[in-house]
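S.K.: My questions will all concern the structure given below.
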Amino acid sequence: MAEIKIDAKCLQCPGPIVQLFNAVKSAQSGDVIVVEATDRGFYKDVQAWCKKTGNELLSLEDGDVIVARVKKA
Amino acid sequence: MKQRLVVIGGVASGTKTAAKAIRENPDLEITVITEEDYISYAGCGLPYYIGNVIRDKKHLTVMNPEKFKEKGITVLLHTRAEKIIPSQKVVKAKDMVTGEEKEFPYDKLVLATGAKPIVPPIPGIELKNVYVLRSVTDAFKIRDAVEKEGIKKAVVVGGGFIGLEVAENLTLRGVKVTLVELLDQILPNFDKEIALLAEKHLKEKGVEVFTSEKALSIEGKDGKATALLTDKRKIDADMVLLSIGVKPDTQLAAGAGIELGIKGAIKVNENMETNIHDIYAVGDCAENINLVTGKPAWFPMGSTANKMGRVAALNLYPKGEKESLEGVLGTTVVKLFDINVAKTGLSEKDAKNAGYNIITVIVPAHDRAHYYPGAKNIITKLIVDKATHRLLGAQIIGEGVVDKPIDIAATVITLKGTVEDMAKLDLAYAPPFSSAMSSTIVAANVARNKLLGKLEGISPLELKDRLSDPELQIIDVREEAEYLVGTIPGARNIPLKEIRQRAGEIDKQRETVVLCKIGLRAYLAYITLKHLGVQKLKILDGGVTAWPFELE
Ligand SMILES: Cc1cc2nc3c(=O)[nH]c(=O)nc-3n(C[C@H](O)[C@H](O)[C@H](O)COP(=O)(O)OP(=O)(O)OC[C@H]3O[C@@H](n4cnc5c(N)ncnc54)[C@H](O)[C@@H]3O)c2cc1C
C-alpha cells in the first residue's frame, strides 16, 4: 500500500482540501495520503471531509504546518 | 497661596489628570481622594489576573501613595467624598476606616468617580460566591474563590466584553462556564453576524452560551450560590458573575447641582468642563461625543478615560488656547480564546438608527502573506455612507491580527476619509506583516465596487432569513471537495471552471445567490453569469468563511 505525500503548504483558494480530494480520487483503496498544509481552515475541513466521504483520518497534527494522514476507503 | 486641585477618584482618569496637572503646574497642591485601598490599578487587566495570565497581584497595583508623593501628589486611600459644596468650593469627605470627617477646599475640582457595575434586582444576589468585577478587590476575591474553594462550574450573566473575558479566563482554569445573555446576541455593540461568529468560537472552546435568556434568581444553600434560574432552565453553578453592564457613578455630582447628560453621565464640553465653573469631569463618569454622529454618547473605556484626563489637566490653567477632545469612536478590541474581535465607529445598526443610507461589505482575508507561516484569517466588515462614500464604521474578527486594521479604520474615520482614501493608503508590507494588497485595502475596494454597482451582495443574516424562499436559488461555485466539507443549506454545486458550460442549469427567472469561500470566485462567477443574462444575481457577503450559522 502506497503512501502519497502532498505538499499543500502556501496554497490559497481553493486550498489543500481540493489537492487531497484529487489525490484520493487517483489513489488505490488502502493508500495513505499525507497532506501538509498551512491554511488554518484545513484543520477543521479535513475532519468534516473525511466524515462525509468515509475516508479514514489516521492522524491530524496542528501547528504552523498542519499534517493530516488520510487512508482511502 | 498655592492653588489647590482636588481629584475625586483614583483609578485611570483621576490619576492621569493628577500626573499631567503636576507636570504642567509644578506648584499646584494636588490631593487625590479615593474610597478604595488601591490606586491607579490596571482595571483592564483584572480578567487576566483571574486567569493567572497575570500571575502576581503586585503587577496590577504598581502604584501606591508613596510613589505619588514623590511626584508631589497627595493620595488619600479609603476616603470617600460625600458632598461637594460649589458655593464654598469645598469637598466633604469621610475616612472609611477611622470614620473621621474631613474637608478639602479646592480652587479646581476634577470628578473622576468612574462607573459601577449594574446589579440586577434579582433574589439571591446577596449569596456568597456571587460577584461583580470592577475593582481590583473584586478580582482578588474571584481568584481566591477559584483557587481556594475549588470552583467547578460558573455562570456568567451578561455577554459584554468583561463577561466574555472572564468566561475565557475561568475556562482556562478548568472551570465549566455557562454564559447567559438577555439579548439575542453576545457583544451587544457589534453587529449580529460578527457576534454570532464570536459565539460559535466560544462554544467550540467549551463555553455554553444561552442568548435571549433572562436570569431570574440565584439559588443557594448554606448561604452559598448553587444555581442560576433563568426563564428557560436551571443552571448549576458554584459561582455567579454578574456582568450586565455599568452605569456612571454620578450621585455625588448630581447632589452638587452638576448637570447630567446621556445615560446619566456628567455633561461636559469638549474641554471637560461641567456646567459649574472650576469643576471638571473625566473618565467613565462623564459623557463623550460620538465623533461620527456628533451626538452625545457614553463610551466607558480606559483609553478614552486617559485622554479625557489629559485634556482636563491642560485646561485647569490653560496657557493659550484650551485643549479639546472633539469626540471618540468607541474603538474596542477583545481577545476570546484563539480569536480577536474589534470594532470602531458605527455598527450597521447604529448607522441605520442615525439615519444613514449605507452599504456594508464583509471581506475575509489573511492578516499577512498567505504563504508566510503563521498567516491567519481575519474577516473585515465595513459600514459606508452611500452619499459621501465616507467610512462610518468597521468590525474585524478572526484568529489573525485585528488591532492594526481596526486602528487604520479608526484613523480613516477620524480624518473623515472615504473608502477611496482608504483603498489608496500606502501601508507597510512585507510577508511576515501584511499582504501586498492588505486586508484593509481589499475591503475598501470591495466597498468601492459595491458603491459603483459592480456587484450586489446579500448579507449572511438576510440569506439565512430567506433560505426557505422558493424564489431563491443558491449556487456554490467552489470545487466539489470544498462543497462536500460543508455548504450553505440548499446550495447546489457548480464549480467556477464549469460555470460557463453549466449556466443552463441556472434558472434565469429566479433570484440567484452565488458564493465561494471568501467571495473572489463568487465575484468571477457573478461577472460571467451577468454576461450570460442572469439578472437577479447576488453574492453572499463573506462567503462560507463569514457564514455564522451551521453548514450542511
Ligand atoms: C474587567 C474590566 C476590563 C476592562 N477592560 C478594558 C479594556 O480592555 N480596554 C478599555 O479601554 N477599558 C477597559 N475597561 C474599562 C476601564 O477599566 C475603565 O474605562 C476605566 O477604569 C475608567 O477609569 P476611571 O478612572 O474613569 O473610573 P474607575 O476606574 O471607575 O475609577 C473610579 C474610582 O473612583 C472611586 N470613587 C467613586 N466615587 C467616589 C467618591 N465619592 N469618593 C472617593 N472615591 C470615589 C471609585 O471607587 C473608583 O476607585 C475594563 C474595565 C473592567 C472592569
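The values are calculated or read from the model by the stated rules, or taken from the named source; none is laboratory data. All values reported here derive from a predicted model rather than from experimental measurement. Glycine gets a Cβ as well: all are built from the backbone with ideal geometry, and neighbour counts include every protein chain shown. Remember, those area values only see protein heavy atoms, side chains included, never the ligands or the DNA or RNA. Shrake-Rupley method; radii C 1.70, N 1.55, O 1.52, S 1.80 Å.
S.K.: Could you list, in sequence order, the residues of the stretch B:388-434 that are within 18 Å of B:ALA342 (Cβ to Cβ), surrounded by fewer than 22 Cβ atoms within 10 Å (Cβ to Cβ) and in contact (Cβ under 8 Å) with a residue 60 or more places away in the chain?
M.R.: Answer for the stretch B:388-434, where residues must be within 18 Å of B:ALA342 (Cβ to Cβ), surrounded by fewer than 22 Cβ atoms within 10 Å (Cβ to Cβ) and in contact (Cβ under 8 Å) with a residue 60 or more places away in the chain: B:GLU399, B:VAL401, B:ASP403, B:ASP407, B:THR414, B:PHE433.
S.K.: Which of the strands (runs of 3 or more DSSP E) contained wholly in the stretch B:10-117 include at least 1 residues that are more than 30 Å from B:VAL175 (Cα to Cα) and among the hydrophobic types (A, V, I, L, M, F, W, C)?
M.R.: Where strands (runs of 3 or more DSSP E) fall fully within the stretch B:10-117 and carry at least 1 residues being more than 30 Å from B:VAL175 (Cα to Cα) and among the hydrophobic types (A, V, I, L, M, F, W, C), they are B:29-33, B:73-76, B:79-85, B:90-95, B:101-105, B:108-111.
S.K.: Continuing with the same structure: Within the stretch B:469-478, does at least one residue satisfy the condition of being surrounded by fewer than 17 Cβ atoms within 10 Å (Cβ to Cβ), under 37 Å from the mean Cα position of the chain (by Cα) and assigned to a loop (DSSP other than H, G, I, E, B)?
M.R.: yes
S.K.: A further question follows. When only residues in the stretch B:500-521 that are assigned to a loop (DSSP other than H, G, I, E, B) and within 14 Å of chain A (Cβ to nearest Cβ) count, which is least open to solvent (accessible area, probe 1.4 Å)?
M.R.: If we take residues in the stretch B:500-521 being assigned to a loop (DSSP other than H, G, I, E, B) and within 14 Å of chain A (Cβ to nearest Cβ), then B:CYS516 is least open to solvent (accessible area, probe 1.4 Å).
S.K.: Do we have B:GLU326 as in a loop (DSSP other than H, G, I, E, B) and touching a strand residue (DSSP E or B) at 6+ places or on another chain (Cβ under 9 Å) here?
M.R.: Numbers: in a loop (DSSP other than H, G, I, E, B): yes; touching a strand residue (DSSP E or B) at 6+ places or on another chain (Cβ under 9 Å): yes.
Yes.
S.K.: Also, I was wondering about something else. Which of the residues spanning the stretch B:122-158 are within 14 Å of the ligand (Cβ to nearest atom), of a type outside the set (Lys, Arg) and either under 17 Å from the mean Cα position of the chain (by Cα) or in a loop (DSSP other than H, G, I, E, B) (or both)?
M.R.: Narrowing the stretch B:122-158 to residues within 14 Å of the ligand (Cβ to nearest atom): B:131-143, B:156, B:158.
Next cut, of a type outside the set (Lys, Arg) only: B:131-133, B:135-140, B:142, B:156, B:158.
Selection gives B:VAL132, B:LEU133, B:SER135, B:GLY158.
S.K.: Can you give me the number of residues within the stretch B:205-242 that are among the acidic types (Asp, Glu), under 20 Å from B:VAL166 (Cα atoms), without any contact (Cβ under 8 Å) to a residue 60 or more places away in the chain and surrounded by fewer than 18 Cβ atoms within 10 Å (Cβ to Cβ)?
M.R.: Residues meeting the conditions: 1.
S.K.: Any residue that is in a helix (DSSP H, G or I), within 16 Å of the ligand (Cβ to nearest atom) and at pLDDT 95 or above - is there at least one of those in the stretch B:234-252? Full working, then the answer.
M.R.: At the first step, the residues of the stretch B:234-252 found to be in a helix (DSSP H, G or I) are B:251-252.
Add one more test, that the residue is within 16 Å of the ligand (Cβ to nearest atom), and what stays is B:251-252.
Now narrow it down to the ones that are at pLDDT 95 or above: B:251-252.
So far as the stretch B:234-252 goes, yes, one or more of its residues are in a helix (DSSP H, G or I), within 16 Å of the ligand (Cβ to nearest atom) and at pLDDT 95 or above.
S.K.: Residues of the stretch B:187-233 being part of a strand (DSSP E or B) and not small (Gly, Ala, Ser), which ones?
M.R.: Result: B:GLU208, B:VAL209, B:PHE210, B:LEU216, B:ILE218, B:GLU219, B:LYS221, B:LYS224, B:THR226, B:LEU228, B:LEU229, B:THR230.
S.K.: I would also like to ask the following. Starting from the stretch B:44-61, take each residue that is open to solvent by 40 Å² or more (accessible area, probe 1.4 Å) and list its partners that are within 15 Å of the ligand (Cβ to nearest atom) and among the aromatic types (Phe, Trp, Tyr), counting only C-beta distances under 6 angstrom and pairs at least six apart or across chains.
M.R.: Close Cβ pairs satisfying both conditions: B:ILE54/B:TYR48.
S.K.: What number goes with the only condition from (1) in contact with a helix residue (DSSP H, G or I) (Cβ under 8 Å, 6 or more places away or on another chain); (2) within 9 Å of the ligand (Cβ to nearest atom) that B:GLY51 does not pass?
M.R.: Unmet condition: (2).
S.K.: Filter the stretch B:152-176 for residues that are open to solvent by less than 60 Å² (accessible area, probe 1.4 Å) and either touching an Asp or Glu at 6+ places or on another chain (Cβ under 7 Å) or on the phi > 0 side of the Ramachandran plot (or both) and give the result. Can you show your working first?
M.R.: First, the residues of the stretch B:152-176 that are open to solvent by less than 60 Å² (accessible area, probe 1.4 Å): B:154-160, B:162-171, B:175.
Those that are open to solvent by less than 60 Å² (accessible area, probe 1.4 Å) and either touching an Asp or Glu at 6+ places or on another chain (Cβ under 7 Å) or on the phi > 0 side of the Ramachandran plot (or both): B:GLY158, B:GLY159.
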